[in-house]
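Q: Could you have a look at this structure, given as structure tokens, before my questions?
The values are calculated or read from the model by the stated rules, or taken from the named source; none is laboratory data. Values in this document were obtained by computation on a predicted structure and should not be read as measured data. Ideal geometry is used to build each Cβ from the backbone, glycine not excepted, and the neighbour counts take in all protein chains shown. Only protein heavy atoms, including side chains, enter the accessible area calculation; ligands, DNA and RNA are left aside. Shrake-Rupley method; radii C 1.70, N 1.55, O 1.52, S 1.80 Å.
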Amino acid sequence: MTGNSGNTENTAGAENDRQGPRHKRDLTRRKVVVAGAGAAVAVGAGGAHAAGAFAGEKSGTKPKAAASASAGEVCYKLTSETTEGPYYIDADKLRQDITEDKEGIPLTLALKVIDSETCKPIANAAVDVWHCDALGIYSGYESLSTGGGGAPTDAPSGTPTGTPTDVPTGTPTGEPPSGGGGGGHEEPTDDERYLRGTWKTDRQGRVTFKTIFPGWYRGRTVHIHTKVHVNGEWTDTGYEGGNTCHTGQFFFDEESVLASAEVEPYSTSTTERTTLTEDTIYDQSGVQGGLLELKYNKKNIAKGVVGSITMGVEPDATHEGTDDAVQPGASETASAEASASSS
């Protein structure tokens with residue numbers, strides 16, 4: 001992990017019934033300079049429930065407990081690995097509140113990291129999270145993000161958002177980032193670093209981030225990127241050494257995304273949305289594939305959302321998320337499409 005400089009991703013569909021508006025390096029470059037390390041997590045609406053709200057640890061069908069698990073522990077299948085995407089920035093913001101001044105529905109992201117074989121929590125792991133804003137823009141890459149907000153100030157009146165007048169309707173804007181879904185990295189184009197952060201897990205393997213509900217962009221469903229780094233050392237200046245044992249993404253169910261699309265600024269997006277079932281990265285395996293358990297007021301999602309999940313990882317493995325790999329449950333066609341689009 002490197003110091004206080006850069007951070008990284010981009011691209012975005014429709015459900016059968018077309019509901020809703022049209023509307024990315026290696027942290028083991030090994031060093032993170034503490035930027036706001038004293039920041040305490042500011043738990044948003046519903047945050048009081050975050051401490052115990054981890055997916056799979058509640059009533060209902062539970063994952064099978066391994067014989068080596070201690071009493072009360074629940075084992076999980078290995079969480080799906082995914083592409084890193086082009087917009088990862090090597091952990092330069094050591095903080096839990098990653099919101100900065102971005103508008104959107106408050107989201108408390110409650111995560112837990114465990115060893116998938118022993119079921120034991122992994123303490124002192126460095127967890128990265130990064131995602132786009134409510135209109136599909138990534139900090140550090142604003143000029144590369146297509147987004148879904150209003151038309152550029154120099155665009156003729158009535159021009160569809162981000163769509164040049166000399167291309168057919170529906171053609172994605174600009175060139176896709178090199179490497180696309182295969183994890184090709186793009187260098188940052190600006191100094192913005194909102195909605196990016198790194199923090200360490202506690203003795204129970206838990207870590208919480210405060211952010212906003214992500215928006216969407218062309219070719220991808222709503223998602224959040226994550227990396228888990230272990231076997232390193234936290235020092236006075238950050239985190240050094242170790243290996244990246246997991247690179248994944250978190251996903252949101254359709255009901256929550258449709259609800260968010262009715263709230264500003266999400267409702268102002270003019271980008272056609274890719275649904276969860278249409279996404280080429282999500283492997284359709286539920287929690288194992290990164291699907292978050294969400295809690296919010298169904299009548300007023302604007303008050304805030306708590307998203308929780310437990311990640312089962314292999315501490316001694318290395319998963320950088322930069323390989324072109326067919327995800328479990330995904331077809332070869334879907335994998336090819338993922339490699340042709342940015343994530």
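Q: Inside the range 94-123, can you point out the residues that are assigned to a loop (DSSP other than H, G, I, E, B) and within 24 Å of T146 (Cβ to Cβ)?
A: I98, T99, E100, D101, K102, E103, G104, I105
Q: Scan the range 200-218 residue by residue and report those that are at pLDDT 95 or above, touching a Ser or Thr at 6+ places or on another chain (Cβ under 8 Å) and open to solvent by 10 Å² or more (accessible area, probe 1.4 Å).
A: Across the range 200-218, the qualifying residues are T208, K210.
Q: Right, something else. Considering only residues of the range 128-145 that are buried (at least 24 other Cβ atoms within 10 Å of the Cβ) and in contact with a Phe, Trp or Tyr (Cβ under 6 Å, 6 or more places away or on another chain), which is farthest from T82 (Cα to Cα)?
A: The selected residue is A134.
Q: Go through the range 263-309 residue by residue and tally those that are open to solvent by 10 Å² or more (accessible area, probe 1.4 Å) and in a strand (DSSP E or B).
A: Summing the residues that are open to solvent by 10 Å² or more (accessible area, probe 1.4 Å) and in a strand (DSSP E or B) in the range 263-309 gives 5.
Q: Got at least one residue in the range 319-342 being surrounded by 20 or more Cβ atoms within 10 Å (Cβ to Cβ), closer than 22 Å to K112 by Cβ and modelled with pLDDT of 95 or more?
A: Within the range 319-342, one or more residues are surrounded by 20 or more Cβ atoms within 10 Å (Cβ to Cβ), closer than 22 Å to K112 by Cβ and modelled with pLDDT of 95 or more.
Q: I'd like to know if the range 180-194 contains one or more residues that are at pLDDT 95 or above and touching a strand residue (DSSP E or B) at 6+ places or on another chain (Cβ under 8 Å).
A: no
Q: Identify the single condition in (1) modelled with pLDDT under 95; (2) open to solvent by 40 Å² or more (accessible area, probe 1.4 Å) that E100 does not satisfy, given that it satisfies every other one.
A: All conditions pass for E100, except number (1).
Q: Would you check which residues across the range 219-237 are touching a strand residue (DSSP E or B) at 6+ places or on another chain (Cβ under 6 Å), of a type in the set (D, E, K, R) and surrounded by fewer than 24 Cβ atoms within 10 Å (Cβ to Cβ) and list them?
A: Within the range 219-237, just E233 meets the criteria.
Q: Return yes when E255 is out of contact with any helix residue (DSSP H, G or I) (no Cβ under 7 Å at 6 or more places or on another chain), assigned to a loop (DSSP other than H, G, I, E, B), open to solvent by 20 Å² or more (accessible area, probe 1.4 Å) and not hydrophobic (A, V, I, L, M, F, W, C) and no when it is not.
A: Against the criterion (out of contact with any helix residue (DSSP H, G or I) (no Cβ under 7 Å at 6 or more places or on another chain), assigned to a loop (DSSP other than H, G, I, E, B), open to solvent by 20 Å² or more (accessible area, probe 1.4 Å) and not hydrophobic (A, V, I, L, M, F, W, C)), E255 does not qualify.
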